[in-house]
Amino acid sequence: MKKLMVALSVVVLGVATAKADFLWNWWTTSNEGKPQKTEMRGCSLGIASQLKEVSGAQIDVLFNKNEKFNAGCQYAIGYSQTLEMHNGVQVATVNKAKSASLQIGLVCINDTGFLPFFIFFNFDPHMFGGAK
């Protein structure tokens, strides 16, 4: 637990000093009535989140979803989904992507992966490199 708190502090301090975005989501609809950020460069923490475009870290407890992940880490204990992920890693119990560079988890579904469905890991060799 102590190591987790130190790691979380490092992430928060790194985001603060880089003047990047920091978004806290209790739930995907928790920001209703407020201007919702759909494009995020930095760190998103919470229980469940849904964004359009992410560069950085999207870390949630239950699930997270996005349409395009440019670089970084998408992590959820439960379910993680993205349409397209360049230069990043997707870590969850169940990962689903139309095209993802690297997935690590119990079940990894990647339509353009070396296999469309694989356990423990899956990757698309064409996704490493710059985003188009």
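Excluding ligands, DNA and RNA, the accessible surface per residue across the stretch 73-123 is 46 Å² with a 1.4 Å probe. Model label points for Leu83 and Phe114, set 7 angstrom from Cα along the Cα-to-Cβ axis, are 2.8 nm apart. Would you kindly calculate the translational diffusion coefficient of the stretch 36-99, applying Stokes-Einstein with the Kirkwood radius from alpha carbon pairs, for 25 °C and a viscosity of 0.890 mPa s, and quote it in µm² s⁻¹ without decimals? Approximately 225 µm²/s, per Stokes-Einstein.
The values are calculated or read from the model by the stated rules, or taken from the named source; none is laboratory data. Model, not experiment: these values are computed from the prediction. Using ideal geometry, Cβ is built from the backbone for each residue, glycine included, and neighbour counts are taken over all protein chains shown. Protein only, heavy atoms only, side chains kept; ligands, DNA and RNA dropped before computing areas. Shrake-Rupley method; radii C 1.70, N 1.55, O 1.52, S 1.80 Å.
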